[in-house]
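Visitor: Dropping the structure in here first, questions after.
The values are calculated or read from the model by the stated rules, or taken from the named source; none is laboratory data. None of the values given here were measured: they were computed from a predicted structure. Here Cβ is always computed from backbone atoms with ideal geometry, including for glycine, and neighbour counts include all displayed protein chains. Side chains included, ligands, DNA and RNA excluded: accessible areas come from the protein's heavy atoms. Shrake-Rupley method; radii C 1.70, N 1.55, O 1.52, S 1.80 Å.
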Amino acid sequence: MSDVRSILTTKRDGRRLSDAQIHEFISGYVAGEITEYHAAALLMAIFIHGMEERELAVWARAMLESGRVLRFPRIAAPKVDKHSTGGIGDKVSIPLAPAAAACGLAVPMISGRGLGHTGGTLDKLEAIPGFRTQLSADEFERCLERTGVALGGQTPDLVPADRKLYALRDVTGLIESIPLIASSIMSKKLAEGLDALVLDVKFGSGAFMVERERGAALAQAMLGLARDFGVRATALHTNMERPLGRAAGHTLEILESLECLEGRGPADLRELVCLQGGEMLRLAGLVPTLEQGKGRIARALDDGSARECFARVVREQGGDARCLDQRSLFAPAPRVELLHATRDGVLAWRDLRAVGFAICELGGGRKQLGDVIDPRVGLVFLREEGARVSRGEPLIEIHHAERGLADARAKLERSFELRPEHAPAPLVLASWSV
Ligand code: URA
């Protein structure tokens, strides 16, 4: 191996890394031949100087090739997934995956756990009694073959470079870099062996990329990588200035997802499920237009086929599918308290990140690795952004188990304002395809 310092100084001086330097760095780092301090120095230089388009593509490919890429030769259906950059109450994947499968797609969905202020799909699914998300590669493929959906976590052999780089970025303050996020997300999604991908890139105070311009730049970087890898993709730029749906917290979000799977539930959740699912069908070539795709997904939600598919997935992944009919099988939080409006005004969210951290205070998120999540706790938003409310009116239900209540309340009280006027931004701001 050449002197690793020459790789670091190239980037330190704002120059482009060569293909050979990138491959040497990624393979050396995964093999343990490059130290954490060398890697941290390079990541910091990338954070500061960014990456050119070609450089990013080579970096992402080197990450992808650091591990195994899934292939499903026995599955004829188009393999399509979606990824969301996440936010408060974003449970779209849970109704979306079975709805898309009910319309003829195979959805090999590898998801993550809660990160920072956001909840993770895996943690939410584990609120279903018995549901297993740690599937072996064989189990994942069998579930996909039998149900059209597999909902699993990252395995050690999938993109090991991301596992190491992500952990290092996390402890060195290097998460919020567009090339590093784009390569991290896309290397994992491309390892699923997809034909097409829908990206939901959030903007607003509950999103990782708060500013709209940064969200748009992240979307473009990810689409550039999809194009490079020959995967059809669409990025939707959607609103996380307010929670999605009415519920946030693991069990509460599963219950709301079940409502959506029964053709009910909050309109914004259904709209995003239909939009993202419709676009998945369009990208896969199963429908000629987005409108037709949306219609197909809406029918799958209304006619019970999406719910039936979800019941099969739950059974296949070890969960107790009786809970779809008997909601009493979900343990509720022992107590529910209300947070009231202290004056008249129009509801406007100031800081949704604080809402996520309020749920963490209640025990519904991890403050450090290894913390055990209490799936019962969470919030129900009783009034929507832009609603005119009166003093004394209940705004939020706090589902809790005694722990962290005062801290959660304090965070929630700071998270919104009651203004004289407030006009909410639209749910979907833009859509770009490659
Ligand atoms: N999610 C990821 O998978 N990677 C990032 O870098 C940020 C969010």
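Visitor: Only one of these is modelled with pLDDT under 95, out of contact with any helix residue (DSSP H, G or I) (no Cβ under 7 Å at 6 or more places or on another chain) and open to solvent by 30 Å² or more (accessible area, probe 1.4 Å): E402, E384. Name it.
Guide: Values: E384 fails: modelled with pLDDT under 95.
Matching residue, one of E402, E384: E402.
Visitor: Being within 17 Å of A247 (Cα to Cα) and of a type in the set (A, V, I, L, M) is the filter here, so list the residues in segment 349-369 that pass it.
Guide: L352, A354, V355, A358, I359, L362
Visitor: Can M109 be described as touching an Asp or Glu at 6+ places or on another chain (Cβ under 6 Å), of a type in the set (A, V, I, L, M, F, W, C) and either touching a residue at least 24 places away in the same chain (Cβ under 8 Å) or closer than 29 Å to V377 by Cα (or both)?
Guide: Judged against the criteria, M109 is a match.
Visitor: Ok, one more. Quick test of your reading of the structure: E176 fulfils all but one of (1) more than 9 Å from the ligand (Cβ to nearest atom); (2) touching a residue at least 24 places away in the same chain (Cβ under 8 Å); (3) under 14 Å from F47 (Cβ atoms). Name the failing condition by number.
Guide: Result: E176 fails condition (1) only.
Visitor: Please determine whether any residue of segment 414-428 is at pLDDT below 95, in the same structural domain as R335 (by TED's automatic domain parsing) and surrounded by fewer than 21 Cβ atoms within 10 Å (Cβ to Cβ).
Guide: no
Visitor: Hey, another quick one. Examine segment 221-228 for a residue that is within 21 Å of M109 (Cα to Cα), basic (K, R) and open to solvent by 10 Å² or more (accessible area, probe 1.4 Å), and state whether such a residue exists.
Guide: Within segment 221-228, one or more residues are within 21 Å of M109 (Cα to Cα), basic (K, R) and open to solvent by 10 Å² or more (accessible area, probe 1.4 Å).
Visitor: Among the residues in segment 196-218, are any surrounded by 23 or more Cβ atoms within 10 Å (Cβ to Cβ), within 14 Å of A430 (Cα to Cα) and either within 10 Å of the ligand (Cβ to nearest atom) or of a type in the set (G, A, S) (or both)?
Guide: Looking through segment 196-218, at least one residue is surrounded by 23 or more Cβ atoms within 10 Å (Cβ to Cβ), within 14 Å of A430 (Cα to Cα) and either within 10 Å of the ligand (Cβ to nearest atom) or of a type in the set (G, A, S) (or both).
Visitor: With respect to I373, determine if the residue is touching an Asp or Glu at 6+ places or on another chain (Cβ under 6 Å), at pLDDT below 95 and not in a helix (DSSP H, G or I).
Guide: For I373, the condition - touching an Asp or Glu at 6+ places or on another chain (Cβ under 6 Å), at pLDDT below 95 and not in a helix (DSSP H, G or I) - is met.
Visitor: Sticking with this structure for a sec: Considering segment 1-57 alone, what residues qualify as being of a type in the set (V, I, T) and closer than 16 Å to D162 by Cβ? It would help to see each step written out before you state the result.
Guide: We begin by selecting, within segment 1-57, every residue of a type in the set (V, I, T); these are 4, 7, 9-10, 22, 26, 30, 34-35, 46, 48.
Of everything in segment 1-57, those that are of a type in the set (V, I, T) and closer than 16 Å to D162 by Cβ turn out to be I22, I26, V30, I34, I46.
Visitor: Within the group A306, A321, A333, A341, which residue is among the small types (G, A, S) and in contact with a His (Cβ under 7 Å, 6 or more places away or on another chain)? Outline the logic, then answer.
Guide: Numbers: A306 fails: in contact with a His (Cβ under 7 Å, 6 or more places away or on another chain); A321 fails: in contact with a His (Cβ under 7 Å, 6 or more places away or on another chain); A341 fails: in contact with a His (Cβ under 7 Å, 6 or more places away or on another chain).
Criteria check complete, one pass: A333.
Visitor: Now for a different question. Considering only segment 59-93, state which residues are without any contact (Cβ under 8 Å) to a residue 60 or more places away in the chain and among the hydroxyl-bearing types (S, T, Y).
Guide: Listed by number, the list holds a single entry, S93.
Visitor: Now for a different question. Against the conditions (1) at pLDDT 95 or above; (2) within 12 Å of the ligand (Cβ to nearest atom); (3) not hydroxyl-bearing (S, T, Y), where does A167 fall short? Just the number, please.
Guide: (1)
Visitor: Every residue in segment 402-417 that is touching a residue at least 60 places away in the same chain (Cβ under 8 Å) and within 27 Å of G215 (Cβ to Cβ), please.
Guide: Residues satisfying the conditions are L412, R414, S415, F416, E417.
Visitor: Among the numbered criteria (1) at pLDDT 95 or above; (2) within 30 Å of the chain's Cα centre (by Cα); (3) surrounded by fewer than 16 Cβ atoms within 10 Å (Cβ to Cβ), which single criterion is violated by D19?
Guide: (2)
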